[in-house]
Each structure stands twice: as C-alpha cells, then as structure tokens.
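Quick notes on the structure that follows.
All of the numbers you see were taken from the coordinates with simple rules; none came from a lab. Just so it is clear, the model here is predicted, and its values are computed rather than measured. Here the Cβ is made from the backbone with ideal geometry for all residues, glycine too, and neighbour counts use every protein chain on show.
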Amino acid sequence: MLSEKTLGSLIRDKGRPGRRGFTLPKNDVENLDLEKILPKKALREEKPELAEVDEPTAVRHYTNLSRKNWGIDTNFYPLGSCTMKHNPRANEAAAATPGFASLHPLQPEKQSQGALRVMHELQGFLSEVSGLSAVSLQPLAGAQGELTSILMVRKYFEDAGDTGRTTVIVPETAHGTNPATATMAGFKSKEIGVDEHGGVDVEELREAVDETTAALMITNPNTCGVYERNITEIAEILHDAGAFLYMDGANMNANMGRMRPAKAGVDIMHYNLHKTFSTPHGGGGPGCGAIASTEKLAPFRPDPTVEKSGDEFRFVRPEKSIGRVAGFHGNFGPILRAWNYIKMHGPELRDVTDMAVLNANYVRAKLGGAYRVPYNELCKHEVVIQPPEGKRALDIAKGLIDHGYHPPTIYFPLVVKEAMLIEPTESESKETLDDFIGAMLELAETSDEDLEASPTTAPTRRLDETRAARQLKARW
Amino acid sequence: MARFTPHTDSDIEEMLDAIGVRSIDDLFADVSPKMSGELDLPPVLSEYEALRDVEEAAWENDTGLPMFLGAGAYDRIIPSSVSAMLSRGEFLTAYTPYQSEVSQGGLQVIFEFQSMISELAALEISNASVYDGANAVVEAALMTARLTKRDPKVAVSAGLNPRYREVIETYGVEIVELSHNNGTTNFSDVPDDVSGVFVQNPNYFGNIEDIEAASEAAHGVDALCVAVCDPISLSLLEAPGNLGADIAVGEAQPLGMSLSFGGPYAGYMATKEKFVRQLPGRITGETVDKDGKLAYVLTLRGREQDIRRARANSNICTNQALTALAATVYTALMGPEGLREVAELSASKAHYLAERLQASGFRLRYPDSPFLWEFAVEMEDVERANEALLDAGMIGGLDLGDGAMLVAVTEKRTKEELDAFVEVVANA
Ligand SMILES: Cc1ncc(COP(=O)(O)O)c(C=O)c1O
C-alpha cells in the first residue's frame, strides 16, 4: 500500500532549491549575455515556482501517482460511449519508431513520404469502413471532428448561396458535444425527442425539418446502445429537405463490417480513432476525430488532405476548404497507431464488432431482472440499464469500485433516469464478464447504507465536489 | 479468432444461448443486410509483419539528422524518464478522470500541470490543456469575444504563426491586420471594436515583441490582450501576466513532446481567476474526501458541453492529457534552472549561427530586432540551400517563400553542426 504521507503531496513539495532532474550538454559556443540584447524589462524578474527535484524523486513521484489511477491495463473499464478496449502495445512500438517520432511536420513532402503514405492508407481504410470516399485525418478529437463536419456543411450552403440554413437538429439522447458543436459552428441547435427504442422520433423529425435545417446530428447505434432502425427513412427526410445527415461515429465499434454509414444515407461522419481503433485514451487524450464524407462535401474538407500522384504522396488543399482546424496535420501519433491497428485486423475488424456486440448483449441478458433495462431489445456494443427501484446509479457505480471494476458511464444518456451505460468491448473474456455480472447482482442486493459508504478501498473515499467549485483551488 | 479477443467457440455458444439467439448474425437482425458487406482491407498481419511495415514506412522519411526547422515545433532534448512515465499503463490506458476515486493520479498530474503553466505565465489559473497551440489561440479568441460581449474580432500581425491565424479564420473569427516594422508588431493603431489583441512572443520570425505595448493597446479599447508564448522562453522572458496580458496561451510541445509529424502536442491556456467561467476545457481543483483527506476532482463542470450542452463555452471534451503529462514530467525534471539553461543554450547557439552567417555575407532579415533561438536569414534560393543541406545530412530551415529562411536552433545543435550549416549554405 501507498504510505498515507505521500498522498496529496505535490512534486513541488518534494523538491529543494538547487536540485535538478536532468543535465544538459555543455555549451560549446560563447554564452550569450541576454542583458546585452534585451531591455531589462523584457527579462524575467522572479523565477517561476516549479519543482526542483532530482530524477529518482520525480520517477518515484509519478510512478506512485500512476498507482492511484485505473486504466484498462489494471481493471475492467466498461465506460459506455468510450470504447475502453485493450490497447495493443505494438501500436506504442510503432509510434515510438524514431523515423516517425522525430519527423518535423514542416519537412518537405519528399522528406516525409513514409508519413504521408501512412496517412493516405489510413484515409483509404476509413473510407472503406464507412463507405464514404472523402476523408480528413486532421480533427484532433471527436468533438473537433463534429465541428469540422458541421463547418463543412455550413460552407457547402454558403457556397450554394443558400443562406437560410440556420438550424442543426440534435436528438435529446445526443452526446453534449453535438449541441455544443452546433452552437460553435454558428447554428441554432434544435432538440428533438426519441421513440420507444431510444431512436430518433421520426414523426417529430418530420415536423422539425424545414427549409432552415442544415443537418441532423445522429448517433448510430445511438447513445442508448440501440441501432437506429429508421436511419434510411431519416436520411430521406433530410435529403428531401435539402439537408445533410451527419453521423456521430463514436460508436463505430458496433458497425465495422455490419453497417456502412454511406449505405444508410449518411453524408458525413466523424470517427474517434481513440475509441474504435484503440489508440490509447491517455487519461483524456490525445485523440483523433477523423471525418469521412461523400463527394458532395469533399471539396470543403480541412486543408490539407493527402493525395497520391504517380508514386508520390502530397498534401493538397481541397478546392473549397473550410481551412485548417489544427496547427499541423492532425494527431499523427494516433493516426499511426490506428493504421497499425487496422493492419493487424484487416477484414477481421468485423469480428471486433461482432464480439463487442456479443459481450454487450450477454451483459444485458444477465443483468435484466435485477436491473431495469429500459430498451430491452437487441443492443449493439453497449447497453443502458437502471438500478433497482430506489437505488441510485451513483451508489452502484461507487460500489463497483470496491469490487475492482471501473464504473460504467452514469447519468448519460440524459433521457434515461439513473442511467448506467455499460460498454464491455470485445477485449473482455467471458470469465471477466461473469465476475462483473456477479458483482452487479450483489450490488443490487447491497444495503443502501453500505452502498453509500463506498468506495472504501480506493485511494480516496467520495469527494466533496461542491467544495472544489466553491473554494476554487486549481494550482499550488 | 484474433489475439485481441478472448472468446473460444464454446464461450460464444454459451453466450448466444444466454442471450437467446442462435447466431452472431441474429445479433444484427435489426440491421438491414444491405448495409453490411465484407471489408475490403489488406489481409490481417501478425504483429511482427505489421511492425516491419512500420519500419519500412519510417525509412521513407528523412529523420535522425540535425534539424534547423522550427516555426512552431521544436527539436528539443527529451529526458528518458518522460517516455517511461507516459508508458505507465495506468496513465496511458485511462479515460478522462470522471470517477475521481480511481483517477487521483491523473487528476493530480493535471493539477500539477495547471500549477506549472500558471507559474510560467504568472496568471492565476490554467486549464488541463486543449488540442494544440493553434486551438489554444482560437479558444482564446472566442474567449475574448464572450468576455467583452463583442463579436469575435481580433487584431493580429504577421508575427502570429500563420497556421494559428488560419485556424482562427476557420472558426469564423474576424481578423484585423496590424502592421509590423522590422519584424515586430506595431500596436499603435488597434481599432476600437476588437475583442482581443494578440501578441506572439517570440513571434513567428523569432523576434521579441513588446507584450506590455500590446496589453496597453488592448485595454485602451476595452479589449483583452492574449499573449502567445513559447513556454521555454518564459524561463527567461518576463511573464505575460506581469506585462498586463489577460490570457496566455501557446504550444506546449517544446516541453517534452516529440515532433511526431505535428502531433500529439498540447495547447495550454492560462488567465485571470475572474475570467475562469469563460475558460474552456477541463479544470482540476483541490478538495477533500469524506474522511477529510486532500484529493482532486474535475471542477466548474457547469462550463462544459456535457452539462451545459448547446450553451457550453466550447465543445471540447477529450483534450491532450497524456502530452500534458509529458509537459509536467519534463518541467519537473528541468525545474526553473533547467528550463532557463535550455533557453540560454538555444539562444547562445542561435546567436553564434547568426553571427557566423553574417560573417559569411548573409544578411538577417530583421537585424535590429532581438531574437532568442529562431531568426530569418535572407537567402536567394532557399530551396536549393535546403537541398544542399539535406545532401550534407541536415534538415534546413523553413522557406518563408520571399527569399528568407527561418532558422531554429535548439540546445541539441553542436558547434560542429552549426559550422557545417554555414559552410553548406555559403556554397549552395
Ligand atoms: C457519442 C460521443 N460523441 C462525441 C464524443 C466526443 O469525442 P471526444 O471526446 O474525442 O471529443 C464522445 C466522447 O466523449 C461520445 O461518446
């Protein structure tokens, strides 16, 4: 166990003036006297209060912090909507390859053909999986993929001289990034309800769509884990009104080889490479929110995309590009990992989807009864459940921690009261699922008192979140 | 079955039974078969074969050579402990720390990152990172609009990295062009309807700008001043917070992140506490647990998309936690003295190179503007010079496209390499 004394102790407090954790090469040219070239007021008067520690102290500090953190490596982590699957270490080896790790983003194209080839091939893979021919790898996370897509839609209408498209429709089950994206892209976001399957309410959609509609942001499978069975009809409603169907592809782990968004009428979508293609989430990023679209929207993609001419790969600015959304070419590290991941799966990506869906349905079948399953029908890669009447999702979640499981996503989607969104992913064995199910069934029977006391075995007990906001202290 | 999915055939049978379906296909009964189809992807590779392909592709890049290219991404020394900490699975394979009790490690790292950024910038509060420097710039631009209740319109000069400017434009922020003399910005005629005035330091050409002049100009028209600073430079240049800047942002890549063809890097953002409600992204705060023990938690969540939805101050969700960890470990190892030494070594070497180039007949584009480790040097044919450099085993500087090369020098470069650079370009 960790010593109590180390808890909460900051790296700064472990240092002493004069300690150093790294030495640099000696200067082999003349020392520059900054005071000679800069006015005194340009020079820093007071040095920043950073840590002053030796290497052993720093390594122990961060290693011990890591031990107060759970990841997929340490625990089953069925966080719905987040696809916490195993992260193959070959991908880490790939990203660490010096020929990529030390490549500067502004080296001329002919010095970076390997990187451009990787990008070009990944564009092709993502196009194959979605059926949408035009890809951009530049968006740096899912939310930015959404924004990129909606900005492309906006630019399309501007270019077409259609100035009345002011609204983007978002189902109430959508992830928070969807309405936030609509606003950020300069649209009004109009919320619509869902039907008894948690799917877009087609009648309400029909009512909502008019000549001001630019797009609908749909998630498929939706955030309740249910397949949007009316997607073709939904696409028609939008297309008939001259609007676009955008798909939030955070849940593509349920679709590979089973549902090609293009065939369902989707015009544009984003992927989360840090979910579906297993680039590690890193405790909150980096990600990659690559987008894929039809040819109609292709000219509006961010600048640049990668094209092949003859034997050479080069960067090309799409004709009517919205511009750049990132400083350089996107999060190349995740791009390289996703490329490697897909090559280690090939057409067997479909098995990934199949096993992910099998696992979620197994959990659904086993928990139904003790837990309420608001959409008790086939689910896809995740399932939303509710605790037994009278119990709170938060308490079950914290109770799970004492059983050694990372809690599922809770209180999302918002349409399900006390929602617990469980996404096991394909990485987990039947034994792990059975043990987890056992723990869940036990928690359903655990007294409220014991649940409310949990967790007791984690690095901390429950936190006073109000105090954090009221007495804001966000730095030393 | 592939090595990443554990089920045996009999597991699958048992599970299908429990679900009450007969086949895997039945699990997709609600998906029209018209939508599916074999994936036309290259055949599955073993790890060994896949990594051989990675190696092969890596050989198609020119790397491992002395680098003189910067312009927003710098070839700096990265201590081995940085990648060792990043490869801890507990950090690498965690999600955003929504469940605080089992995410204390990551949360404390963010708290330390925020502390270091706040200290470097001399501003009260920082967030947990945004995607990259360009996105930190655009988020700051949008922040100025919300805080001043004006339309997003910002004054920038050519001293702002043009890629940052392009991202600002993509996000629909209007740009007012400020002139620049001798490579630094002229802040004397800022229009009175802008929401923000931007100053990059060192600027795109490597020159030192006057942040105080920028903030005076901004405040003169009731706008906010945003300073875009290289974090390494803040070890020796006066901090933006002490020069009147309201927001400091920038690219944290120089703090321990490999070049990696442009990402993952991390954008940092710091501001005054009174502006915190308009600061986008995650913020970690200190609190206590039930037993009164100190702990960390994501706080002021009411600003964010998952709570505020269409009215959130940004759509950002995932940020750059792992690269922010790199910045934290790097900054801890270096400490204030180490960072300063990195800055001084780079500046000394850059000035040595600039002098040697001048002695060989080259002219600096902005000879009267002080710079640190990056400068523009006039060259008739930059492309030819860069080709000659590559032939000689070096990566040359950025072609500014108008008869000048932007040269960056870091602590990695040796005197020998600098001398070789001069010799090659002088004879190109
Ligand atoms: C359904 C859905 N959409 C969008 C996002 C946003 O992705 P990111 O966090 O990469 O920005 C997420 C992930 O949090 C999600 O679950």
A:L151 fails exactly one of (1) under 18 Å from A:I234 (Cβ atoms); (2) within 16 Å of the ligand (Cβ to nearest atom), namely (1)
Please work out which one of (1) among the aliphatic types (A, V, I, L, M); (2) buried (at least 24 other Cβ atoms within 10 Å of the Cβ); (3) within 11 Å of chain A (Cβ to nearest Cβ) is the condition B:I247 fails and give its number. (3)
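Only residues that are at positive phi and more than 7 Å from every other protein chain (Cβ to nearest Cβ): list them for region B:38-66, please.
Let us first name the residues in region B:38-66 that are at positive phi, namely B:64.
Hits for region B:38-66: nothing passes.
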Do we find that A:F315 is more than 19 Å from B:Q320 (Cβ to Cβ) and more than 10 Å from chain B (Cβ to nearest Cβ) in this structure? yes
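Among the residues of region B:248-302, what is the count of those that are among the polar types (S, T, N, Q), in a loop (DSSP other than H, G, I, E, B) and without any contact (Cβ under 8 Å) to a residue 24 or more places away in the chain?
We begin by selecting, within region B:248-302, every residue among the polar types (S, T, N, Q); these are B:253, B:258, B:260, B:271, B:278, B:284, B:287, B:299.
Next, from what is left, pick out any that are in a loop (DSSP other than H, G, I, E, B): B:253, B:258, B:299.
Now restrict to residues that are without any contact (Cβ under 8 Å) to a residue 24 or more places away in the chain: B:299.
Number of matching residues: 1.
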Take residues that are within 10 Å of chain B (Cβ to nearest Cβ) and tell me which of the helices (runs of 4 or more DSSP H) falling wholly in region A:136-254 contain 3 or more. A:142-159, A:177-184
Looking at region A:458-474, is at least one residue under 26 Å from the mean Cα position of the chain (by Cα), under 30 Å from B:S23 (Cβ atoms) and within 11 Å of chain B (Cβ to nearest Cβ)? no
I want to confirm something. Restricting to region A:276-305 and keeping residues that are more than 9 Å from chain B (Cβ to nearest Cβ), farther than 21 Å from A:P105 by Cβ and not polar (S, T, N, Q), which single residue is nearest to the ligand (Cβ to nearest atom)? A:F277
Is at least one residue of region B:317-333 more than 7 Å from chain A (Cβ to nearest Cβ) and within 16 Å of the ligand (Cβ to nearest atom)? yes
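In region A:453-476, what residues are in a helix (DSSP H, G or I) and surrounded by 15 or more Cβ atoms within 10 Å (Cβ to Cβ)?
Of region A:453-476, the ones in a helix (DSSP H, G or I) are A:453, A:465-470.
If the condition is that a residue be in a helix (DSSP H, G or I) and surrounded by 15 or more Cβ atoms within 10 Å (Cβ to Cβ), then A:A453, A:E465, A:R467, A:A468, A:A469 are the ones that fit.
Residue by residue through region A:223-250, note down the ones that are more than 15 Å from the ligand (Cβ to nearest atom) and hydrophobic (A, V, I, L, M, F, W, C).
Of the residues in region A:223-250, the ones more than 15 Å from the ligand (Cβ to nearest atom) are A:229-245.
Result: A:I231, A:I234, A:A235, A:I237, A:L238, A:A241, A:A243, A:F244, A:L245.
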Return the residue satisfying two criteria in turn: it lies in region B:353-391 and is in contact with a Leu (Cβ under 9 Å, 6 or more places away or on another chain) and of a type in the set (G, A, S), and of such residues it is farthest from A:I37 (Cα to Cα). B:A376
Quick one: in region A:78-87, of everything that is surrounded by 22 or more Cβ atoms within 10 Å (Cβ to Cβ), part of a loop (DSSP other than H, G, I, E, B) and within 7 Å of chain B (Cβ to nearest Cβ), which residue is nearest to the ligand (Cβ to nearest atom)? A:C82
(1) touching a residue at least 60 places away in the same chain (Cβ under 8 Å); (2) within 16 Å of the ligand (Cβ to nearest atom) all hold for B:V138 apart from (1)
Picking from B:A343, B:A332, which residue would you name as being more than 30 Å from A:H274 (Cβ to Cβ) and in a helix (DSSP H, G or I)? B:A343
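In region A:262-275, what count of residues is obtained for those that are within 14 Å of the ligand (Cβ to nearest atom), within 10 Å of another protein chain (Cβ to nearest Cβ) and not polar (S, T, N, Q)?
Looking only at region A:262-275, we keep the residues that are within 14 Å of the ligand (Cβ to nearest atom), and these are A:269-275.
Then keep just the ones that are within 10 Å of another protein chain (Cβ to nearest Cβ); that gives A:272, A:274-275.
In the following step, the residues that additionally are not polar (S, T, N, Q) were identified as A:274-275.
Qualifying residue count for the region: 2.
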What's the number of the condition B:V199 fails, among (1) of a type in the set (V, I, T); (2) in a loop (DSSP other than H, G, I, E, B); (3) under 15 Å from B:A141 (Cα atoms)? (2)
